[in-house]
Amino acid sequence: MINPKNWQIIILAAGKSTRMNSKKHKSLVKIQGKNLLSWCADLASKICSNEPLIVLGYDADKIISENSNLKVHWVRQEVLGGGTAATLLTGVRGLDKETKDILVLYVDDAFLYSPQNIIDLCDE
């Protein structure tokens, strides 16, 4: 059995959200009164004790201001448009050098999972 309490979670939220056909960034879209980034950060906090690291790109200032209550580490992607790999690289560069176990979550679907779903999946 794995121990997720020491994981470092990186939440990828740097994209433009163009596939959603929404005027809002996907992080700010609300489901049951809570935006997707809040759902994702809450999931992360239930899985491990480390504050998640959130990588932002487009609309970063707006996303931070609308989520100022979250206990997270914000990291800004310097070069926008590099895709998932560039966003993940930005996140990894923001980690402590002692970090051994990383879990990557996408902001747009985390509301679908329970902490136990994620832990069970990683355990498999």
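The values are calculated or read from the model by the stated rules, or taken from the named source; none is laboratory data. Note that the structure is predicted; figures quoted are calculated from it, not measured. Here the Cβ positions follow ideal geometry from the backbone for every residue, glycine too, while neighbour counts run over all protein chains shown. Only protein heavy atoms, including side chains, enter the accessible area calculation; ligands, DNA and RNA are left aside. Shrake-Rupley method; radii C 1.70, N 1.55, O 1.52, S 1.80 Å.
Points to keep in mind about this one:
- Filter result for Leu80 (open to solvent by less than 30 Å² (accessible area, probe 1.4 Å) and part of a loop (DSSP other than H, G, I, E, B)): no
- Only one of the numbered conditions (1) more than 18 Å from Leu95 (Cβ to Cβ); (2) of a type in the set (S, T, N, Q); (3) in a loop (DSSP other than H, G, I, E, B) is not met by Ser49, and that is (1).
- Taking segment 1-28 as the range and being more than 16 Å from Asp61 (Cα to Cα) and assigned to a strand (DSSP E or B) as the test, the residues that pass are Gln8, Ile9, Ile10, Ile11.
- Of all residues in segment 59-75, those that are in a strand (DSSP E or B) and under 17 Å from Lys26 (Cβ atoms) total 2.
- Where Leu89 falls short, out of the listed (1) at pLDDT 90 or above; (2) open to solvent by 30 Å² or more (accessible area, probe 1.4 Å): (1)
- Count of residues meeting criterion [without any contact (Cβ under 8 Å) to a residue 60 or more places away in the chain, open to solvent by less than 10 Å² (accessible area, probe 1.4 Å) and either more than 26 Å from Asn3 (Cα to Cα) or out of contact with any His (no Cβ under 9 Å at 6 or more places or on another chain) (or both)] in segment 42-53: 1
- Residue in segment 103-119 that is touching a Ser or Thr at 6+ places or on another chain (Cβ under 8 Å), polar (S, T, N, Q) and open to solvent by less than 70 Å² (accessible area, probe 1.4 Å) present: no
- Matching option when the condition is of a type in the set (A, V, I, L, M, F, W, C), in contact (Cβ under 8 Å) with a residue 60 or more places away in the chain and not in a helix (DSSP H, G or I), among Leu56, Leu105, Leu88: Leu105
- Within segment 5-40, tally of residues that are on the phi < 0 side of the Ramachandran plot, out of contact with any strand residue (DSSP E or B) (no Cβ under 6 Å at 6 or more places or on another chain) and open to solvent by 10 Å² or more (accessible area, probe 1.4 Å): 18
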